[in-house]
Amino acid sequence: MADPAPAAPPSRVPTGGSGERGRSLSFYISIVLFLVIVVAVLYMLASGLMLGAGEREFELAITPSGGAIGPGERMDVEVRITLLRAGPSFFEYDLPVTLHAEDVPKGIYVTFNPATDLPDPQFTSRMLIAHAGAPPGAYSFTVHATGTDGRSLSLPFRLQVTGAAPNATAPR
């Protein structure tokens, strides 16, 4: 048997052709674009953390803002905490807010249901006002909404107590 003829040396494929150069350029352009996007996102996050903290706000609304109540009566009032959208959604007020009443007159009880919640984008609480022996007259107390970061809003609630106090004796 005869030995096979020696194989021809492999032909050289030219390197650095325009096709390879184009792929290399496109790779570097995609890397640069990726880095530009990363830097832009980091800039937005950093500016939001520095400046956005002042934009995280909520508002307080009470409906109705006042009312009348008599002996043995109760009143149901809507209290709404609404997120104010002042910037990108990831800088919204995302902390729980707690409601409480201050300077409530003796003989009047005020409770909230729920008393604490997250405004996403809002939460509604029911403020229950119950008459428990307050004498007739015009009163006012303050409803406070306080975030866990210390931000606070307050609104007055005007209350008219009607009728005689339950402990009063009728003249004979």
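Coordinate-derived values only; no laboratory data. What you see is a predicted model, and the numbers here were worked out from it, not measured in a lab. Because the Cβ atoms are built from the backbone with ideal geometry, glycine has one as well, and the counts that use them run over all protein chains shown.
Of note:
- Computed magnitude of the charge dipole of the stretch 57-161 (debye, nearest 20; Cβ of K, R +1, Cβ of D, E -1): 360 debye
- FRET efficiency for the Thr63 to Leu42 pair, using the beta carbon distance and R₀ = 41 Å, is estimated at 0.45.
- Against the compact-protein benchmark of 2.2 N^0.38 Å, the Cα-based radius of gyration of the stretch 57-161 scales to 1.15.
- Ranked list, fewest to most other Cβ atoms within 10 Å of each Cβ, for Leu83, Leu42, Leu128: Leu42, Leu128, Leu83
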